[in-house]
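Right, one structure below, let's go through it.
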Amino acid sequence: MKNVDSRSHVRGESVYLDDIPLVQGTLYACVFDSPHAHGILKSLDTSEAEKAEGVVKVITAQDLPGENQIGGVIPDEPLLADDEVHFQGMLVAIVLAVSEEAARLAVKKITAEIEPLEIVTDPRVAYAKNDLIVPPKAFHLGDTHTAFRACDHIFEGRADVNGQEHLYIETQGAYTIPTEAGGLRVYSSTQGPTAVQRCVSRVTGLPMHLIEVDVQRLGGGFGGKEDQANAWAAICAVGTMLTKRPVKYALHRMEDMRMTGKRHPYSADYKIGLNKDLKIVAYEAVFYQNAGAAADLSPPVLERTLFHCTNSYYVPNVTATAYSCRTNLPPNTAFRGFGGPQGMFVIESAIAQAAEHLNVPASDIQRANLLQVDDEFPYGQLAESEAVTSWEQADGAFDFARHQREADEFNSNSKYIKKGVALMPVCFGISFTKTPMNQARSLVHVYTDGSVAVSTGAVEMGQGVNTKMAQVAARVFSLPIERIKVHTTNTLRIANTSPTAASAAADLNGRATQIACETILARLKEVAKGLLGAENTADIVFENGFIFHKGEPTDWDWLKLVNEAQMQRVSLSEHSHYATAGIHFDWGTAKGHPFAYHVYGAAIVGVTVDCLRGIYEVDYVKTVHDFGHTMNKAVDYGQVEGGIVQGIGWMTMEEVVYDEQGKLRSNALSTYKIPDIYSVPKTIDIIPLETSRENLGVFSSKAVGEPPLMYGIGAYFAIRNAIRAYNSTVDPAFDAPFTAEKVLMSLYREISKEMKVGK
Ligand code: MTE
Ligand code: MOS
């Protein structure tokens, strides 16, 4: 089934924030952001900006009607800098003007006197100064201390993994309109309408019931609009409060890149112990998370790094510790995988190091340690079986040994062009690790023309959740999908939502929608029972808009029945609630059952590296992936393909660069390279895991949004393997992304050695 938005997308008719028709009198906002990464804000001169043409108002911290605070998890982040600046790009003053251009020109006239303070950009430096966002978190399983003594092989090392710019096609933005009784309607490009509502309430001082947040769809979020959409909405809201006029702010790309946080870079130390038959007996890891200047979502991201620090492997003795380190960078935030991918990169690095030193294929170590049924994760939950089965099915379908053999044969005949192959198993837990967030609501109306309107807390951001919601209603009512319309995500229709995140939106909101539709259906069946003189509602079946009784057609169809129900004063609307059963987690013991289920999969990744130039191509990614019983193959395969490409981008070419002054050097698409159509692997093969079971997803489908990104990690190790096929003494640091420059530099050192000895 096609995505319900395909047609309007290709015709350019889909509505994004910037497409909303503007109300007369709309003002445009633009912000003055800190040019220094750390310092005392001695003075701020906005007088020239105030006099500039078209400017209506300039707003600073002192003017805010409510609290100067936007920190969601921890209240440590002012909306506008007050006495200090903590990162380059921190918001300092807002200009409101009659045109966008006037606002931007006026911002240039603002000056600030900032007395510099020490700038920290390295999380290990912040750790040494004990500058942590939250107290450290740790997981323990078994006893690593004793276990290491019994190991035959122990390897220690360091792995670094960089951040990632979200680069959603639609930049951040908001548009606010004043409503009756001093209220606000807020259009926001956000994954978290309730987070925006709460933040706007705090900064304006208005109660939440006067703030309506409406989200049509996003041109991508990828985690970057889970919490970081709040500031722009708050800016517009304050502007509207103070001027009584609508205010719009849609960020330019360079503003967005400069002022928003990204995926968290991590630096980690690891120690891995194996026995003779390649079983991992013990694993220790210490993670230093580069949180940036404020908490944002760093604490839960840090936790998920721990949750996924052993990826798909069973390790009986684990000690993993994680520090969230405060630096003078924009606060880093959620990004597809939410800290999990960073944790996985570290254990894959440890395995790669062990394999290279033991002179065995890394895949032998990976295979020997895959989770079996009922193996315990470091957080206490027990594994389902699919880690082994997805690997075996992938091996059966793709023949790992053949791919390796082909690469070896190619390499033996090619001096400078080398092929590398790597395996990448993935295991990702589904549910918000904060249990209370695993709830959702849905509002379903059946109208008297037979059409159906659905509203949920889920935000459409390209992942196809609206298509899935429409499918749920269509399936329960047995109606064609055209009879269903999924509407905007709106806080007046659906309150207290969790953000669309953790890959759980379809599960949670889909189950809520299912409950709402089934409730209405049951009422309609009661009406039909009376009309048909049936004994039992179970004998009544709806099919394609027709009503059957005991398998026989009746005179009743959907439209007639709906109208009869309305005549009988039976409600055709339902607002329903769903909360995932059986999940819990206790940070006191760091044990529990946090996930409704896990998504498993295994991929083989092949690359070709030009060892003269350092450039490479990803030739293929072939995966057996656990979709459960997929609800929509087109949507889900799109998620896997997109996730893989985004993961490869993170691991290979996307390089976020801040200089020592905390200035973002990769601040535009000319200096920050993301995968384009030419860098997409020539082959992406996707085979669904056959042994999927019943699970807590909607209609037993499994969440798909984030897990496939982690197959991209395989590309890093495939490049490494290709380099080592060229020169087995090359031992580059585990330091992602593996940019072409890094590939070349790691090879160049060796080539220069070769030249010295006269080869
Ligand atoms: N796919 C597209 N096209 N655009 C996005 O912004 N976000 C990803 C993933 N897939 C995203 C996407 C992230 S970070 C998450 S958490 C999930 O979608 C959220 O949606 P879901 O819960 O409906 O899977
Ligand atoms: Mo996704 S990182 O959970 O928004």
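The values are calculated or read from the model by the stated rules, or taken from the named source; none is laboratory data. Values in this document were obtained by computation on a predicted structure and should not be read as measured data. Cβ: placed from backbone, ideal geometry, glycine included. Neighbour counts: every protein chain shown.
The table below gives the values:
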item	result
Hits in the stretch 258-292 (condition: under 17 Å from the mean Cα position of the chain (by Cα) and not in a strand (DSSP E or B))	Thr260, Gly261, Lys262, Arg263, His264, Pro265
Filtered residues of the stretch 380-407 (kept if hydroxyl-bearing (Ser, Thr, Tyr) and crowded, with 20+ Cβ neighbours inside 10 Å)	Thr389, Ser390
Filter result for the condition that a residue is buried (at least 17 other Cβ atoms within 10 Å of the Cβ), among the hydroxyl-bearing types (Ser, Thr, Tyr) and touching a strand residue (DSSP E or B) at 6+ places or on another chain (Cβ under 6 Å), over Ser576, Ser498	Ser576
Top-ranked residue of the stretch 108-130 - restricted to ones that are within 10 Å of Tyr323 (Cβ to Cβ) and in contact (Cβ under 8 Å) with a residue 24 or more places away in the chain, ranked as surrounded by the fewest Cβ atoms within 10 Å (Cβ to Cβ)	Arg124
Cβ pairs under 7 Å, 6+ apart, first in the stretch 305-329 and within 24 Å of Gln366 (Cβ to Cβ), second among the acidic types (Asp, Glu) and assigned to a strand (DSSP E or B)	Thr319/Glu284
Hits in the stretch 439-464 (condition: surrounded by fewer than 24 Cβ atoms within 10 Å (Cβ to Cβ) and within 13 Å of ligand 1 (Cβ to nearest atom))	Gly462
Ile674 surrounded by fewer than 18 Cβ atoms within 10 Å (Cβ to Cβ) and within 16 Å of ligand 1 (Cβ to nearest atom)	yes
Residue in the stretch 501-515 that is at pLDDT 95 or above, more than 16 Å from ligand 1 (Cβ to nearest atom), out of contact with any Gly (no Cβ under 9 Å at 6 or more places or on another chain) and more than 30 Å from Phe428 (Cβ to Cβ) present	no
Answer residue from the stretch 528-572, given it is of a type in the set (Asp, Glu) and surrounded by 13 or more Cβ atoms within 10 Å (Cβ to Cβ) and is farthest from Val446 (Cα to Cα) among those	Asp539
Those residues of the stretch 348-376 which are within 24 Å of Ala504 (Cβ to Cβ) and in contact (Cβ under 8 Å) with a residue 24 or more places away in the chain, in sequence order	Leu371, Asp375, Glu376
Residues located in the stretch 128-164, provided they are part of a loop (DSSP other than H, G, I, E, B), touching a Phe, Trp or Tyr at 6+ places or on another chain (Cβ under 6 Å) and within 16 Å of ligand 2 (Cβ to nearest atom)	Gln164
Output for the stretch 327-349, where each listed residue is within 26 Å of Lys129 (Cβ to Cβ) and touching a strand residue (DSSP E or B) at 6+ places or on another chain (Cβ under 6 Å)	Thr327, Leu329, Pro330, Pro331, Asn332, Gln342, Phe345, Val346
Test: residue in the stretch 231-254 that is β-branched (Val, Ile, Thr), touching a Ser or Thr at 6+ places or on another chain (Cβ under 9 Å) and either farther than 28 Å from Gly183 by Cβ or in a loop (DSSP other than H, G, I, E, B) (or both)	no
The stretch 525-550 - residue that is in contact with a helix residue (DSSP H, G or I) (Cβ under 6 Å, 6 or more places away or on another chain) and touching a residue at least 40 places away in the same chain (Cβ under 8 Å) and, of those, farthest from Val570 (Cα to Cα)	Gly545
Failed item, numbered, when Gly219 is tested on (1) within 16 Å of ligand 2 (Cβ to nearest atom); (2) buried (at least 24 other Cβ atoms within 10 Å of the Cβ)	(2)
Filter pass, Pro35 being assigned to a loop (DSSP other than H, G, I, E, B) and either closer than 13 Å to Ala93 by Cα or in contact with a Pro (Cβ under 6 Å, 6 or more places away or on another chain) (or both)	yes
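This table checks each residue for (1) crowded, with 23+ Cβ neighbours inside 10 Å; (2) at pLDDT 95 or above; (3) of a type in the set (Phe, Trp, Tyr).
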residue	(1), (2), (3)
Gln646	yes, yes, no
Tyr678	no, no, yes
Asn695	no, no, no
Ile713	yes, yes, no
Phe717	yes, yes, yes
